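These notes concern the structure reproduced below.
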Amino acid sequence: MSTTENRAEFGSTLGFILSAAGSAVGLGNIWKFPGKAYACGGGAFLIIYLIIVAVVGTSVMMAEFTIGRKTHKNAVGAIRELNAKWSWVGGLGILTGFIILCYYCQVGGWAMYYIVGYITDVQTVWADPMAYFLGMLGANGFPLAALIWGLVFLFLTAFIISHGTAGIEKMSTILMPILFILLIGLMIRACTLPGADEGLGYMLHVDFSTINTTAILTALGQAFFSLSLGMGVMITYASYLSSDDNLVSNTAIVCTLDTLVALFAGFMIIPAVFATGIAPGMGGGFAFATLAGVFMAIPGGQFVGMLFYFLLFFAAITSSTSILEGTVSFLVEEKGMERKKTLVMVSIVLYIVGVLYTLSQAYMNIPGYWISINGIEVTIFGNMLEYLTDRLLLPLGAFLTTFFVGWIWGTNNSIDEATGYGRNKFALAKPYAFIVKYIDPIAIGAIIIAGMVFGMSIS
Ligand code: PFF
């Protein structure tokens, strides 16, 4: 996507798919998803997740794509153009993105810390993987290294946004397929480790008694987070599409790619948890501590580990830039602020909250440092930020988006846009209209309320 002209268009469909998939595939797939699948009962959670992606995820993505391409505007401007009274929905999305970014950049920094760890001191990483992970988070004192790497990650994100994203989009063409192949290879290795079959069994055994409102809400929030939905990022991306692009196939491809990466990561990490006995609880070291056991069991594991964290870092930065672009373009286009100044100011606030997040991760391992809200243990700037975005703000954003498309803008307008005014086929147009109008708002609304009423017991 060229950012030199106003409202440029993607050079090719591939460019769009790579950017949208680049935004979708990130820490959410590899760091968050396996932890949630593990905590929420394995197989049954996977089924719920897949159903949610297939029904709710695809329809919300299509809704966002059609709003964006119809108006060729950022999230707030786009919704305002369709109905001025609803532009605040876009604003809510910007706020959600901002909160996500506070901790996202910190975890992106963890990936960089691990790249360096694998290059310079792999023996220490492998000697006691959990101690290494907790050490990074400050178990032995102040988490200085994690905070510095968080700053570096944030700086790189801001730097890319100020210099244009064309470079990383080109790199995506090569690095994303490598990530995909590496994950498949690591998944196969993890599943063949001695003791891994118990983990595989855990992921494949479907026991619906593990599913409660919390698990469903977790799956829902995870799906939105993973697919980059509910905060207008996909509206913004689609605003750069030309009318020739096929939104139907793009939706299918992005959702499928993102979900495959999450599944690969799940089937890589959970069997490894069982095989290695490294099961990080709070603090979420799934993509960090647990995987050491897999890399140790591979010839050239040091190099493979380094490559893995480099690709994780890359996947994270193609996501973090997509969020920061949304925040900054909103402040510049809607509030008339100057771009460079905005970028600096936003980054400073992001970093301050991010520091509190990382500090909270360290405290989370100290019993008594967290408070219990509604049955879950939270630290205000730690997992509270994640709960707020994943369990409330993202579902709320998606709820409002589908309600807006279903009842305010109208499903016929959305379908016209989806088919390029009759140029492309959209075999599922009728089910799409029904889902956006009824299923999505009712199901998402009910789950948000149920989560609040019944409490949440699984982290
Ligand atoms: N989808 C990204 C991930 O899974 O890591 C995170 C993300 C990006 C969330 C963009 C939301 C968003 F708008």
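The values are calculated or read from the model by the stated rules, or taken from the named source; none is laboratory data. These figures come from a predicted structure and were not determined experimentally. Reconstructed Cβ throughout: ideal geometry from the backbone, glycine too, with neighbour counts over all protein chains shown.
Quick notes
Yes or no, residue by residue, for (1) surrounded by fewer than 22 Cβ atoms within 10 Å (Cβ to Cβ); (2) touching a residue at least 40 places away in the same chain (Cβ under 8 Å); (3) under 15 Å from Asn246 (Cα atoms):
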position: Thr13; (1), (2), (3): yes, yes, yes
position: Ala21; (1), (2), (3): no, yes, no
position: Ala39; (1), (2), (3): yes, yes, no
position: Phe45; (1), (2), (3): no, yes, no
position: Tyr49; (1), (2), (3): no, yes, no
position: Gly57; (1), (2), (3): no, yes, no
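- From Tyr118, Tyr104, residue being closer than 25 Å to Arg391 by Cα and either in a helix (DSSP H, G or I) or touching a Pro at 6+ places or on another chain (Cβ under 9 Å) (or both): Tyr104
- Exactly one residue out of Val294, Val332, Val248, Val273 is in contact with an Asp or Glu (Cβ under 8 Å, 6 or more places away or on another chain), part of a helix (DSSP H, G or I) and more than 14 Å from the ligand (Cβ to nearest atom): that is Val332.
- Flag for Val89 being more than 20 Å from Val346 (Cα to Cα) and either over 21 Å from the mean Cα position of the chain (by Cα) or of a type in the set (D, E, K, R) (or both): no
- Residues satisfying the stated conditions in the stretch 165-202, i.e. acidic (Asp, Glu) and within 17 Å of Leu311 (Cβ to Cβ): Glu169
- Contact map, the stretch 88-101: first residue within 12 Å of Gly77 (Cα to Cα), second residue more than 10 Å from the ligand (Cβ to nearest atom) and of a type in the set (Lys, Arg), Cβ cut-off under 6 Å, separation 6 or more or different chains; the map is empty.
One line per residue, one yes/no per condition, for (1) more than 30 Å from Trp407 (Cα to Cα); (2) more than 15 Å from the ligand (Cβ to nearest atom); (3) touching a Pro at 6+ places or on another chain (Cβ under 8 Å):
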| position | (1), (2), (3) |
| --- | --- |
| Ala44 | yes, yes, no |
| Ile51 | no, yes, no |
| Val60 | no, no, no |
| Arg69 | no, yes, no |
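- Selection status of Phe153, aromatic (Phe, Trp, Tyr) and out of contact with any Gly (no Cβ under 7 Å at 6 or more places or on another chain): no
- For the residues Gly406, Gly410, the requirement of being at positive phi and surrounded by 15 or more Cβ atoms within 10 Å (Cβ to Cβ) singles out Gly410.
- The set of residues in the stretch 297-329 that are out of contact with any helix residue (DSSP H, G or I) (no Cβ under 6 Å at 6 or more places or on another chain), on the phi < 0 side of the Ramachandran plot and assigned to a loop (DSSP other than H, G, I, E, B) comprises Ala297, Pro299.
- Residues of the stretch 116-133 satisfying the condition of being over 16 Å from Gly293 (Cα atoms) and touching a residue at least 40 places away in the same chain (Cβ under 8 Å): Ile119
Residue-wise test of (1) surrounded by fewer than 17 Cβ atoms within 10 Å (Cβ to Cβ); (2) over 20 Å from Thr321 (Cβ atoms).
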{"residue": "Ile99", "(1), (2)": "no, no"}
{"residue": "Tyr104", "(1), (2)": "no, no"}
{"residue": "Gly108", "(1), (2)": "no, no"}
{"residue": "Tyr118", "(1), (2)": "no, yes"}
{"residue": "Val122", "(1), (2)": "no, yes"}
{"residue": "Trp126", "(1), (2)": "no, yes"}
{"residue": "Leu134", "(1), (2)": "no, yes"}
{"residue": "Leu137", "(1), (2)": "no, yes"}
{"residue": "Asn140", "(1), (2)": "yes, yes"}
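- Number of the condition not met by Met130 [criteria: (1) within 16 Å of the ligand (Cβ to nearest atom); (2) among the aliphatic types (A, V, I, L, M); (3) modelled with pLDDT under 95]: (1)
- Screening Ala139 with (1) more than 16 Å from the ligand (Cβ to nearest atom); (2) part of a helix (DSSP H, G or I) gives one miss only, at (2).
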